1. Could you tell me how many of the residues in the range 82-117 are small (Gly, Ala, Ser) and under 15 Å from Thr440 (Cα atoms)?
2. Exactly one condition in (1) in contact (Cβ under 8 Å) with a residue 40 or more places away in the chain; (2) within 24 Å of Ala472 (Cβ to Cβ) is not met by Leu408; state its number.
3. If only one of Leu379, Leu455, Leu446, Leu386 is crowded, with 24+ Cβ neighbours inside 10 Å and either in the same structural domain as Ala180 (by TED's automatic domain parsing) or closer than 30 Å to Val228 by Cα (or both), which one is it?
4. Do we have any residue at all in the range 220-239 that's under 19 Å from the mean Cα position of the chain (by Cα), closer than 23 Å to Glu302 by Cα and assigned to a strand (DSSP E or B)?
5. Mind listing just one residue for me: the one in the range 440-459 that is within 21 Å of the chain's Cα centre (by Cα) and assigned to a loop (DSSP other than H, G, I, E, B) and, of those, modelled with the highest pLDDT?
6. Among the residues of the range 416-439 satisfying the criterion of being buried (at least 24 other Cβ atoms within 10 Å of the Cβ) and assigned to a loop (DSSP other than H, G, I, E, B), which is farthest from the chain's Cα centre (by Cα)?
7. Would you confirm, using the coordinates I've provided, whether Ala471 is under 22 Å from Leu385 (Cβ atoms) and either β-branched (Val, Ile, Thr) or surrounded by 24 or more Cβ atoms within 10 Å (Cβ to Cβ) (or both)?
8. Being of a type in the set (Gly, Ala, Ser) and either outside the structural domain of Ala149 (by TED's automatic domain parsing) or not in a strand (DSSP E or B) (or both) is the filter here, so list the residues in the range 258-292 that pass it.
Amino acid sequence: MVKKRSIVLTTMAIVLGTCGGYAVADAYDVAPGWITNDAVAPPPAPFPAAVSPEIPIPADPIASLESDAPLPSAAAVQALANRLRDDSRMRASTGISVVDIVTGEVLASVRASTPRIPASNDKMLTASAVFGALGPDLRLRTSVTWEGANASGTARVTLVAGGDMLLSADYGHGGSGSSANGYAGLADLADEIVGTLSEAGVTTVNIVVDDHAFGGPVIPEGWGWSAVTHGYCAPPSGLAIDVGIVPGTRSDDENVEPERYLDPSLAVADVFAHRLIERGFDVGTVTRGVEASGETEIGFVESAPLMDVLSYMLWYSDNTIAEVLLKVLARESGLPGSTEAGTSEALVRLRSMGLDTTGITMTDGSGYSSTNKIPPRALTDLVVLLARNPAWDDLLEQFPVGALRGTLYDRYGGSEAAGVVRAKTGSLSGVTALSGTVVTADGRWLAFSVLADGLPWGQTNPRAAIDQFVAALAGCGCG
């Protein structure tokens, strides 16, 4: 059954007041390329745009599929795309696709079939494949196993990684918090095993952390450790507190990346040791190893539902969560928990969903690598697939929203696109991308993708040009 929900913001003051609550630290899209000392190119003639005092926000995108709103003229939309292509702030390597979601009609195409570096738009593939394969309710399980205690009251316990890299160092919020981060906690896990240890007369615990199912504390091939040392990602080891961020290193400045643990799994084990010490046990050793054959589970905690984890990944454009979810997809599909297996399985899943993956090269789950390639048309095709399937359309609701939330919270304020553009951002040095949906002034729901690589260093100019293009689509009567 199609749900009917909508929100109307009658003044831009409401929009701006709402977005003030979102201080988003985008762990990817503020990577090198966001700040530039380049001279600002003189702005070209503005895109035509209609001004509307009311901004409808489709809280449920699928509802728009029943709309009989006027279809924009393909010639008019193509003219907007051509203007973006020719904009002095862009380059010839820009690819553009605009498609009507209801009919599938192509409204604009500029090199739309040519593969481009997608930057974080790669997360759209990861999120769709994971969601389509595993559903919204999967929970990632972190467990403790053991073989029992010896005669001297010493026991080895194994902390087994299950893919949750959003653990709390203490008690989890269990759903009372605002995001998936910190849903489950190590204090909860310690409480789970205290009874078993005490009844067995355990006084000393040796902790072994087992993350071998996720390839251990390694990063995707071709990244280089600078991804970790510069704070853009933690090794996707399947076990971490607060996405592997060292406590006290978060900054209110979204352009300053936090410090990441080089081995987030062992960092978790160290904190878990403190939780056990607080409960009266001595801790002997903390080491990395593999769960011994025949060990019995004595406690576990589970992450927030997968939909909430995906929402966190998309809102904050989090590289670490994208990479570990790719490994979760591989493991849940019976494959090794590696990046290579994950990307291969993601493409299989996307094809099974009906996506033509021609031209797609997927080498990681986050888009950090410049070896990823996606044609813009593949991304608009993916958006159309999600929108048309009632089992998948909720994923679109997790995309950032212009002037309101996620990595678009500080963009589109005061423009026609405020509140009506839902899109995934992307940036690398020389790469700027934006793909998602936008509702026109006539109420028509469009899928769009702009991928530009080969750009000069710096995000300010190409991002402004793309935003102007999207705002023009939002303001388009275009009959």
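1. The total comes to 1.
2. Single failed check for Leu408: (1).
3. Selected residue: Leu379, the only one of Leu379, Leu455, Leu446, Leu386 that is crowded, with 24+ Cβ neighbours inside 10 Å and either in the same structural domain as Ala180 (by TED's automatic domain parsing) or closer than 30 Å to Val228 by Cα (or both).
4. yes
5. Within the range 440-459, the match that is modelled with the highest pLDDT is Asp453.
6. Glu416
7. In short, no.
8. Ser265, Ala267, Ala269, Ala273, Gly280, Gly289, Ala292
The values are calculated or read from the model by the stated rules, or taken from the named source; none is laboratory data. Bear in mind the structure is a predicted one, so any value in this text is a computation, not a measurement. Note that each Cβ is placed from the backbone with ideal geometry, even for glycine, and that neighbours are counted across all protein chains shown.
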